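A short worksheet on the structure shown next.
No value in this document is a laboratory result; all are computed from the given coordinates. The structure presented is a predicted model; accordingly, all values stated were derived computationally and were not measured. Reconstructed Cβ throughout: ideal geometry from the backbone, glycine too, with neighbour counts over all protein chains shown.
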Amino acid sequence: MNREVGFRSRRVRERLIEKLQEKGISNPEVLDAIRTIPRHEFVDEALGHQAYDDTALPIGQEQTISQPFIVALMTEALLRGTPPQRVLEIGTGSGYQTAVLAKLVPQVYTVERIKSLIHRARDRFAEMGILNVEMKLDDGHLGWEEKAPFDAIIVTAAPSGVPKQLFNQLAIGGRMVVPVGPDRQDQQLLELVRTEDGFEQNDLGTVRFVPMRAGAR
Ligand code: SAH
């Protein structure tokens, strides 16, 4: 069998898209971004054959690349309402979610606390010609003050509560999607919309992310 007919094939990716649709993802732009971003480039070669399964996979440093359904669900929520121009992501990890966002919005800022993951993701963006992403090594609890306010903020590690400093970097009317909950347990995926005097909240279900940790290294 021709190697190209394996995990890189259109059919394998199309099957993932069908699965996401069955699970309720309907935004055609989100589905198209997931169809076109090569997820196998964001995992180790040895895991390439699983790259289009709807599962999270290890990316080293005890971290994981999120399940495609969760990436789709969070991205769809983030894009509801006025299309965001400037998006902040906390937890770059493999850079897969970042790449999906970079296809859908004009400018993405992403913060990761582990240096080796930042470097690897940066190389991937360069290889793929992704130019609308700025990266920073830091503790995401602090957000990215110099670049605020953001139209949308997506958090892909789980804090125990909504980080206040991060929330304050959201524009009025801006949207945050964040899994909130205690370490190593299920979390609630929350969609928050900042209002003049607080926020509106929508619960998107139960998820399991790696914990959001303090500090950077
Ligand atoms: N979006 C990623 C998911 C990565 S897993 C992907 O698509 O691959 C969560 C990531 O959040 C890990 O890389 C972890 O190092 C990072 N993280 C955890 N706590 C953080 C913090 N306080 N600030 C920034 N990144 C953090």
Quiz item: Rounded to the nearest 0.05, what FRET efficiency do Ala214 and Ala46 have when you use their Cβ-Cβ distance and R0 = 30 Å?
Solution: 0.40
Self-check item: Pairwise label distance in nanometres, Phe167 with Ser116, each label 7 Å out on the Cα-Cβ vector
Solution: 3.5
Quiz item: To the nearest µm²/s, what D does Stokes-Einstein give for the stretch 19-142 at 10 °C and 1.306 mPa s, using the Kirkwood radius over alpha carbon pairs as Rh?
Solution: 108
Exercise. For every other residue with a beta carbon closer than 12 angstrom to the beta carbon of Val43, add +1 if it is Lys or Arg and -1 if Asp or Glu, then tell me the sum.
Key: -1
Quiz item: Of Lys115/Lys147; Lys23/Lys164; Lys19/Lys103; Lys23/Lys147, which pairs sit farther than 30 Å apart, going by alpha carbon to alpha carbon?
Solution: Lys23/Lys164; Lys23/Lys147
Quiz prompt | Shape metrics for the chain, restricted to C-alpha atoms - Rg then Dmax, Å | solution = 16.4, 61
Exercise. Putting +1 on Lys and Arg Cβ atoms and -1 on Asp and Glu Cβ atoms, find which of Leu47, Ala157, Gln97 reaches farthest to the positive end of the dipole of the chain.
Key: Leu47
Quiz item: Roughly how big is the stretch 1-102's charge dipole about its Cα centre, with Cβ charges of +1 (Lys, Arg) and -1 (Asp, Glu), in debye to the nearest 20?
Solution: 260
Practice problem: Please work out the C-alpha center-to-center distance from the stretch 42-61 to the stretch 168-184 and express it in whole Å. | Solution: 27
